[in-house]
1. Test of understanding: express the Cα radius of gyration of segment 582-721 as a ratio to 2.2 N^0.38 Å, with N the residue count.
2. How large are Rg and Dmax for segment 644-704 when only the alpha carbon atoms are used, in Å?
3. Work out, step by step, the length gained on full extension between ALA558 and ASP590: first 0.36 nm times the residue separation, then minus their alpha carbon distance; give nm to one decimal.
4. Got a sec to turn the phi values of segment 504-513 into Karplus ³J(HN,Hα) couplings, 6.51 cos²θ - 1.76 cosθ + 1.60 with θ = phi - 60°, whole Hz, x for Gly and Pro?
5. I need the phi-derived Karplus couplings for segment 289-296: 6.51 cos²θ - 1.76 cosθ + 1.60, θ = phi - 60°, integer Hz, Gly and Pro marked x.
6. Check the straight Cα-Cα distances from LYS662 and name the aspartates and glutamates below 12 Å, setting aside those fewer than 8 residues away within the same chain.
7. Between PHE858 and ARG844, what length comes free when the chain is fully extended (0.36 nm per residue of separation minus the Cα-Cα distance, one decimal in nm)?
8. To the nearest 0.05, what FRET efficiency results for GLU942 and ASN621 with a Förster distance of 60 Å applied to their C-beta separation?
Amino acid sequence: MSERVLVVGSGGREHVLAWKLAQSPQIQQVLVAPGNAGTANCGKISNSEVSISNHTILAQFCKDHHVGLVVVGPEVPLAAGIVDDLTAAGVLCFGPSAKAAQLEASKSFSKAFMERHSIPTARYGSFTDPQEACNYIRTADFPALVVKASGLAAGKGVIVAKDQDEACQAVMDIMKRLELQGKPWWLRSFSKERRCLVFVSVTVSRCLRCLQHKTTSGCRTVTWVQTLVVSQELLQQIRETVLQKTVDGMREEGAPYIGVLYAGLMLTKQGPKVLEFNCRFGDPECQVLLPLLKSDLYEVILNTMNGKLASSTPLWHQDSSAVTVVMASAGYPGSYKKGVEITGLSQVQETGLQVFHAGTGLKEGGVVSSGGRVLTITAVRSSLEAALQAANQGVATVGFPGAVYRRDIGHRAIAHLNQHRGLTYKDSGVDIAAGNKLVDMIKPLAKATARAGCSAELGGFAGLFDLKAAGFVDPILVSGTDGVGTKLKIAQESRQHAGLGQDLVAMCVNDVLAQGAEPLFFLDYFSCGRLDVDVAASVVGENFMVHCLKSCKCGETAEMPGVYAPGEYDLAGFCVGAVERGELLPRLGDIAEGDLLIGVASSGVHSNGFSLVRKVLEKANLSYSCAAPFGKPGQTVGEVLLAPTKIYSRLLLPIIRGGAVKAYAHITGGGLLENIPRVLPPQLAVDLDASRWSIPPVFSWLHKEGGLSEEEMARTFNCGLGAVLVVAPLDAQRVLRQLRAQEEAWIVGSIAHKQPGAEAVVVRNLKHTLLNAGAASSAELELEQNGGCHGTNLQALIEQAKRPSSSAEIVVVISNRPGVQGLKRASLAGIQTRVVDHKLYGSRAEFDSTIDRVLEEFGVELVCLAGFMRILTGTFVKKWNGKLLNIHPSLLPSFKGVNAQKQALQAGVRVSGCTVHFVAEEVDAGAIIVQEAVPVLSSDTEESLSDRIREAEHRAFPAAMELVASGTVGLGEDGRITWKSQS
């Protein structure tokens, strides 16, 4: 039966308890009281503000909300008797009774108890007078340098002094801070501390884990090792001389202990000695132990309470290690600032790390600090070294001003472990198992992207390719190799690796394509100092495989310790393609003066010029996490710069094979000035006009901020053109239409005779265009959204119009129904809206006339009907002739009217699709602008076919809008499509 569980407390310990309990299939919901910012959006975990100090109210709350178990995190409620009171009220509560909790609540009781039962403990002295304590410090025959309050002090009642003067000052400081005049004190010797946690069930203790622990004046930062840092023999000695004696002694004194007992130990030549006991999970010990617990925590607790521990030992993940680092407020354990904004939480959790909230709150939708110990970052990995590296990366990702944390965590534990085992290849920094794991992860992806002729197998020595099986008759092999340059540095510092796989493929494939070759297979080389499987999988994993474009993929991963700094890696790629002998590019003999150049849009900087980009960023004092002064709102500098390089093979290969393309230049290193001449005869030159294409804002910013000259921009960057094609004037419009069906493209220049001594490439209007990059077009667009439409076509049009290169500006969205999703989409995009309710008008003509007035009011030049389901009058259509677009879910003229998908299925056709057309008086009969085909599958239903056609609509409608808004496509007087040259 599923249970509700209440976790008492709001710190990091309680956060991890709730998180672990929520993983139990037997638990329906975990409540946390009082609430913790870390429980927000945590599935089965919810906050509750019920009083935990009034046990009567708490008991009634548990009964009213069907809480089957209460788990107490902090020590104060235990000392106050919460277990006794809830148990008496019939509510199951896990933890020791108030009498048993004296082991922690009173250090004087604890010391006396250990003496009564011959439990070895550290030498100490107990005082109520600070002067007597100072005299003891100076005269004791052992270094009495640890000052500890006898009672509960919320983790702030201990100071480890370096000498006698500091210890005496600590007595005065801690007494004043905790107001302990007249209350017991004790002083003990300094030692390196070990912690041992156990579940205790009256007569049986089950050890959780023995831990290495380091303390620094209140702010504890710890490292835990799944592999024990003490021997099994010593662990057994601890159990017999300390733990079992404690359990037996408490039972004999009438205070049987049930719950978690937490012993702080020092290991001496005479054996383990107890420094102190805690009667609950430690904080932050809990945050590192529980992620390693394999058993169901809920069952472990029930077994503890029911006396079944003897037969139910908790199980642990034996192949994992965990590291936890505490992030504290500046000034803790003294005074510190609250309400400090915390950033990076979502990013660090995406890396698989656990962030446990100890002192946080919510403010205006964000997470802020509310305590001294703010967060703990926990990493669980296959080795201690890997866990340590991941935890440190997590700490670097999370940020709040003044954050304090230790940077030396785990090094002593690693040294200890290494002393007790022989050297392995892994010790030198090479992890063969990690490499094999990476291969296993990406093997299925490589198989999924294989093509005819490919027989490569990841993990083999080499890859094979059968050219005949791939359909080649008389092929010439073409090869290319490249990397992604210092773009790697931005990816590594931003910890955004996924796009680099596409970059690597693109840089090699686009080069091979310049010879007219189809990419056949691709090889990658990933080298690093230490292999991080997760990072490597991001680079050469799924995203990488998808972009291998059905090519055979082979590769090599190399660990080279000492060559690369931590977190650094390098990439190289090698692509082999093939082209039939008679189709090789460039066709130098065919290229002539007067040929036109068609430019295909880039996605940004691609993968060249990043050394200069980084220099400009350094000059501008701009980090990768800063909001980008270029790009879309909300994007960071790193996100814009890491936009993957476009791969042009899928787009260009069919066009190249059509024979119209005489040459293709990949605009890579060397920019516009050096790459286009590589595909031209030496007697010809290029005249480019930068005002003819759209330049992304990032180039405008680099030009202005870096003070870069026009020549430097054109020689270093692609300036918005990732590919340039050479075509004859008669073929230009046809090729342009083919390109624009899938990508932005423009006629950007022409071929001219090269005068002696003249430049091979002249770029006109570059400076002017750079200074005005991203400026809004004068064309304006109106979208009409009917209440019954899902609004997805509208959203596609909105997103297209937002692009800096778009020729359209959306000025108003009109709906015939109020409150529909389309109006909300428009408002979120900052677009004005109008509602013209057709039910308020007596005729269609009156309704259309009102729509017409609204369009005139906003100065609309083009109308797109996105989900408009009403018949327009002939008068309206005639007025807006050539300025009114609609989309229909079939390949017109087939299947006009309603239920187009149903008609297609009934007719048994194998191809359907969508059509964007000018609106005419006859329904679905206007001139066609763009069509996109969609195959009809034998398994298709009307719903599945509609879904795929709708996806095609989201591509086709924005493309048609751009063609008309830019003036490239128009409607002639005879009702036919006209194409206007941009040359």
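1. Values: Rg = 16.8 Å, N = 140, 2.2 N^0.38 = 14.4 Å.
The value comes to 1.17.
2. 14.1, 41
3. 6.9 nm
4. Computed from phi, the couplings for segment 504-513 are 5, 4, 4, 4, 7, 5, 4, 5, 4, 4 Hz.
5. 6, 5, x, 8, 6, 7, 5, 6
6. Here the aspartates and glutamates satisfying the reach criterion relative to LYS662 are GLU583, ASP590, ASP595, ASP731.
7. Numbers: separation 14, 0.36 × 14 = 5.04 nm, distance 2.16 nm.
Net length gain for the segment: 2.9 nm.
8. Details: r = 58 Å, r/R0 = 0.96.
Efficiency computed from Cβ-Cβ geometry: 0.55.
Any read-out appearing in this document is the output of simple, stated calculations on the displayed coordinates, not a laboratory observation. Quantities reported herein were computed from a predicted structural model and do not represent experimental measurements. Ideal geometry is used to build each Cβ from the backbone, glycine not excepted, and the neighbour counts take in all protein chains shown.
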